[in-house]
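Student: Shown below is the structure under consideration.
The values are calculated or read from the model by the stated rules, or taken from the named source; none is laboratory data. Bear in mind that the values here come from a model prediction, so they are computed numbers and not experimental data. Heads up, the Cβs are rebuilt from the backbone with ideal geometry, glycines too, and the neighbour counts pull from every protein chain shown. For accessibility, only protein heavy atoms count, side chains too; no ligands or nucleic acids. Shrake-Rupley method; radii C 1.70, N 1.55, O 1.52, S 1.80 Å.
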Amino acid sequence: MGYLVDTVLIYFEEAVLASETKMRSAGTATGQHGAAGDQAEPTRRDFITTAALGWAGVGGAISLWPFIQQMNPDASTQALSSTEVDLAPIKEGQAITVLWRGKPVFIRNRTKDEIAKAKETPLASLNDKTAENGALPERATADDANRVKKGKENWLVLVGICTHLGCIPKGQSLADARGDFGGYFCPCHGSHYDTSGRIRKGPAPRNLEVPPYEFVSDTKIKIG
Amino acid sequence: MTRFVLKGLACLGLVVSLGSGLATSASASGGGDEISRQHWTFGGLRGHFDRAQLQRGFQVYKEVCSTCHGMKRLSFRNLSEKGGPEFAEDGAKGLAETYKVSDGPNDQGKMFKRPGRLSDRIPSPFDNEQQARSANNGALPPDLSLMALARKVEVDHPFYTLPYHMIKDIVTGYQEGGPDYIYGVLMSYGENAPPYKDNGGHLAKMTEADAKANPAMPRCATVVSEPGQADVCNKMSEGMHYNEAFPGHQIAMPAPLRDGVVKYADGTPGTTENYARDVSAFQAWAADPKLEERKRLGLMAMLYLLGTTVLLYFAKRRIWSGVPH
Amino acid sequence: MSDHLSSYEPKNAFSKWMDSRLPVMRMMHGQFVDFPTPRNLNYMWTFGGILTFMLMVQIVSGLVLSMHYQASDADAFNSVEAIRRDVNYGWLLRNIHAVGASMFFFAVYLHMARGLYYGSYKAPREILWILGVIIFLLMMATGFMGYALVWGQMSFWGVTVITNLFSAIPLVGGAITKWLWGGYSVSGVTLNRFFSLHFLLPFVITGVVMLHIWALHVVGQNNPTGLDIKTKSDSVPMLPFAIMKDAFALAMFVLIYAWFIFFVPNYLGDADNYIEANPLSTPPHIVPEWYFLPFYAILRSIPSKLGGVVMMFGSIALLAFLPWLDTSNVRSAKYRPKFKWFLWAFFFSVIALGYLGGKPAEGSYVIWSRVFTAYYFIFFLVIMPVLGLIEKPLKLPNSIMDAVLGGGGPMAGSAAAAAPEKR
């Protein structure tokens, strides 16, 4: 923007200077409105022109802000915060998908076997070693305990969006392919997630995100 | 040259206001007689809402108006947003929770009620127009979220003073016709339509004392007089209420405010006038929640533009100096 | 001016390379930098630039509004409210666009009045003028359809009334109206197509504006004397002289524009349009936006339905024939002492029609509407052709430079006073 203003200004000044010379000769030619006293003018003239156009240009640039800002989420979207989910009907081994902020959230009632598998996976074998859990500090490790709520280890709650390019991984329904690690499998580009939603194989860079949620009762969670 | 610029500005202003004022004079919603302009804190160029007044106004709305009128464009979160009544967020949240909001369908496919949240709209008293009408004698209590913009005070200036009034309103930034109208209607309820006596085909207003002596004389909401014909008296219809400010002077809504119906917590006297003023201000905010932001940004923009204009004027003058034109 | 050569000199290797392939800089330089502009242009000549600016503002603000607007009968009004309340700076963008429409028309009316006063429609500027009339018509269509999008009471009933005009056409009127509506009444279907067209038309306008500017740059600008540019001393280069004057005038214009945006955004609108459209109840007084009022008054002044419609459209179509209706050899009204007064009377009657168009169609308002409507047509159809033949114009100056040096000030009004001295 600044460059643009500069270019316009330089162009303008050149034109002013050129036309001044022209007009001065034209003025003397017709013998009218002689250019006497104009000699000292150019510097002041340049200054006021530069100032006026620069000032106007800055305002023009600032006035772009509302036109850009309008595309950000509006007040009503920002206010839509939480979704409550009743977990009672989900039996062991089953999963449901709910919508939160327009995104699918996977809720799975893990079997004992799945929990055990998730727990015994050593940290060293993980591609992404951070918990990716909004409720925990950024440095928290990707242990299974950091991916679920204490005492509710059977409930796995994840944002169901592949961290590679945003597809929705398979694995929620019993008939789905669940990949090499028994969790989720993204068919778009072949990312495999384990039973804790952690990336184990494929192009996805990060573990599936754990959204902020809390248990409002024994069988009910509030996401957001 | 300066004189010319001033002249030019004046001309521009005149023509703008001429053209635009025609639209104003033409628009006719609301209207009615006997409505005078009130002083509002949110009027004028540096207008801003009085928080305490908006909070009291909301209280009046909640305790009186909301039995019949909705405000469906307001969300609970708005009540704690900047530039409005600015209730504490916890307060707004707590208030929301006292409302039952319908949601669903749940897993059984049924709609259910749950406590309100900040993001919810304030629920309207009736589910639909039919329900509202059947509960109100066939009349529909309008939603109040935009009432302060959807009404205007109509004044029929003669055409030769019209430009003056238009310019005055534009220059002073008068936009408070809506709150003026709401306040006017709330304050203009009468016991009964005025009594008239027949004066050889012409109907003339009587005093209440005369009316007591002649109870047979008609009471008219409005009188229609056509030259060469006897005046026609429009009597009050069944179930209607006399209101001096309402167009046609017959309103289905009974006088909603009486002294003392709402207990203000901040010590403001609980008079009908205060209620009317506060609830009008509240509606003005509800219809135009960005008013403060608009006027604040407006002042800065005007100052900036004034600077630009002056600078460009001098730049222009310098460039043209010595050039006959 | 078409023979005016650009003095553009490419300065570096790249611009030389570019200039021999696509000489766009040369064209811009020739048309907008050293283009010869009459030196005596007054401030009425700044509205062309202002209108270009307004067109851009309307397109850009309209584009961002369309990102939030929903063109369905159930959602239109709600989405406008969401823009006002929730969208970041939505209230500002909405005011820019809605007030902008009014300011656009305000500027175009002054632009047209300027053209009428100084005879800018006369040879060789006929095509330039007709393109202007086309732009005006397109603007009216765009403004009307844009107003409909709010889907308030006045939007809905305005659309109903105006589309019903077409039903006055004999034989096919009913079919045309049904075709316009896409149903048996104004509905969400109508709204949707209006949105489509409202989005399209500004780009059509942009196209015609380009032709308008092209035509202008072929024949050159008219000026308060109505004389052609004869020698180089009659003109000044567009940059910086005309551009700087335009910039200053634009700043003044934006000052007023911003006043409306920030302090009286609803002054130009109608309160009824803050009530959502209701097909079951008509507001007591239906009035169009202010910029349509003169034509609305013409429509209502004629007691027959078809007659009113014909007269209304005729009053605009007539403008396209001005170059041939005006028989005078002199362009500028400044040198036509009689015509000038008839023309001022015409301006007055248009403003009066605007006033009357906003009043209820009853009693003396109707009578006055007829008087001014009659004058509108008499002015164009009788006064213009006849007066041009019998009027004796004032003596014209020899050249623009002569007029400038002869003591006339920079503005039109004082030039009129200065004219007798020159006789």
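Student: Name the residues in segment A:200-213 that are over 18 Å from A:Ala145 (Cβ atoms) and open to solvent by less than 10 Å² (accessible area, probe 1.4 Å), would you?
Tutor: A:Ala204
Student: For B:Leu144, state whether it is open to solvent by less than 20 Å² (accessible area, probe 1.4 Å), more than 20 Å from B:Met240 (Cα to Cα) and more than 16 Å from the chain's Cα centre (by Cα). Step through it out loud before you land on a result.
Tutor: Values: open to solvent by less than 20 Å² (accessible area, probe 1.4 Å): yes; more than 20 Å from B:Met240 (Cα to Cα): yes; more than 16 Å from the chain's Cα centre (by Cα): no.
No.
Student: Name the single residue, out of those in segment B:296-305 being facing another protein chain (nearest Cβ under 7 Å) and surrounded by fewer than 20 Cβ atoms within 10 Å (Cβ to Cβ), that is farthest from B:Leu45 (Cα to Cα). Even if it seems obvious, please write down each step before you answer.
Tutor: Taking segment B:296-305 as the starting set, the residues that turn out to be facing another protein chain (nearest Cβ under 7 Å) are B:297-298, B:301-302, B:304-305.
Then drop every residue that is not surrounded by fewer than 20 Cβ atoms within 10 Å (Cβ to Cβ), which leaves B:297, B:302, B:304.
Working: B:Leu297: 11, B:Met302: 11, B:Tyr304: 16 Å.
If we take residues in segment B:296-305 being facing another protein chain (nearest Cβ under 7 Å) and surrounded by fewer than 20 Cβ atoms within 10 Å (Cβ to Cβ), then B:Tyr304 is farthest from B:Leu45 (Cα to Cα).
Student: Can you work out which of the residues in segment A:62-91 that are of a type in the set (Asp, Glu) and away from chain C (no Cβ under 14 Å) is nearest to C:Asp86 (Cα to Cα)? Show your work before the answer.
Tutor: So the first thing to find is which residues in segment A:62-91 are of a type in the set (Asp, Glu), and the list is A:74, A:84, A:86.
In the following step, the residues that additionally are away from chain C (no Cβ under 14 Å) were identified as A:84, A:86.
Values: A:Glu84: 25, A:Asp86: 31 Å.
Going through the qualifying residues, I end up with A:Glu84.
Student: State all residues of segment B:214-232 that are outside any strand (DSSP E or B) and surrounded by 10 or more Cβ atoms within 10 Å (Cβ to Cβ); if no residue qualifies, say none. Quick ask: steps written out before the conclusion?
Tutor: Within segment B:214-232, the subset outside any strand (DSSP E or B) is B:214-218, B:225-231.
Hits for segment B:214-232 are B:Asn214, B:Met217, B:Pro218, B:Ser225, B:Ala230, B:Asp231.
Student: Just need a number here: residues in segment C:236-251 that are more than 16 Å from A:Gly60 (Cβ to Cβ), at the interface with chain B (Cβ under 7 Å from one of its Cβ atoms) and open to solvent by 20 Å² or more (accessible area, probe 1.4 Å).
Tutor: 0
Student: Mind checking which residues of segment C:214-233 are under 19 Å from the mean Cα position of the chain (by Cα) and without any contact (Cβ under 8 Å) to a residue 12 or more places away in the chain?
Tutor: C:Trp214
Student: Of all residues in segment A:129-158, which are among the hydrophobic types (A, V, I, L, M, F, W, C) and crowded, with 20+ Cβ neighbours inside 10 Å?
Tutor: Listed by number, the residues that qualify are A:Ala131, A:Ala142, A:Val148, A:Leu156, A:Val157, A:Leu158.
Student: Are there any helices (runs of 4 or more DSSP H) wholly within segment B:105-173 with 1 or more residues that are more than 12 Å from every other protein chain (Cβ to nearest Cβ) and touching an Asp or Glu at 6+ places or on another chain (Cβ under 9 Å), and if so which?
Tutor: Working: elements: B:129-135, B:147-150, B:162-172.
Here the list is empty.
Student: Of C:Pro303, C:Pro284, C:Pro265, which residue is in contact (Cβ under 8 Å) with a residue 40 or more places away in the chain and not acidic (Asp, Glu)?
Tutor: Working: C:Pro303 fails: in contact (Cβ under 8 Å) with a residue 40 or more places away in the chain; C:Pro284 fails: in contact (Cβ under 8 Å) with a residue 40 or more places away in the chain.
None of the others qualify; the one that does is C:Pro265.
Student: Oh, and also: So is C:Tyr335 more than 14 Å from chain B (Cβ to nearest Cβ) and buried (at least 20 other Cβ atoms within 10 Å of the Cβ) or not?
Tutor: Spelling it out, C:Tyr335 is indeed more than 14 Å from chain B (Cβ to nearest Cβ) and buried (at least 20 other Cβ atoms within 10 Å of the Cβ).
Student: Please enumerate the residues belonging to segment B:71-98 that are among the hydroxyl-bearing types (Ser, Thr, Tyr) and over 20 Å from B:Trp285 (Cβ atoms). Can you show your working first?
Tutor: If we filter segment B:71-98 for residues that are among the hydroxyl-bearing types (Ser, Thr, Tyr), which is where we start, we get B:75, B:80, B:98.
B:Thr98, the sole residue that qualifies.
Student: Same structure again: Quick check on segment B:188-211: of everything there that is within 31 Å of the chain's Cα centre (by Cα) and polar (S, T, N, Q), which residue is most open to solvent (accessible area, probe 1.4 Å)?
Tutor: Looking at residues that are within 31 Å of the chain's Cα centre (by Cα) and polar (S, T, N, Q), I get B:Asn192.
Student: Exactly one of these conditions fails for C:Lys122: (1) assigned to a helix (DSSP H, G or I); (2) crowded, with 21+ Cβ neighbours inside 10 Å; (3) of a type in the set (D, E, K, R). Give me its number.
Tutor: (1)
Okay, residues lined up against (1) open to solvent by less than 20 Å² (accessible area, probe 1.4 Å); (2) closer than 30 Å to C:Lys338 by Cβ:
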residue	(1), (2)
C:Met54	yes, no
C:Ser61	yes, no
C:Phe77	yes, no
C:Tyr89	no, no
C:His97	no, no
C:Ala113	no, yes
C:Leu116	yes, yes
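Student: Can you name every residue in segment B:271-288 that is outside any helix (DSSP H, G or I) and open to solvent by 30 Å² or more (accessible area, probe 1.4 Å)?
Tutor: Initial filter on segment B:271-288 (outside any helix (DSSP H, G or I)): B:271, B:288.
B:Thr271, the sole residue that qualifies.
Student: Taking only segment B:181-195 into account, find how many residues are at pLDDT 95 or above and either of a type in the set (A, V, I, L, M) or assigned by TED's automatic domain parsing to the domain that holds B:Met206 (or both).
Tutor: The number of residues fulfilling the criteria is 4.
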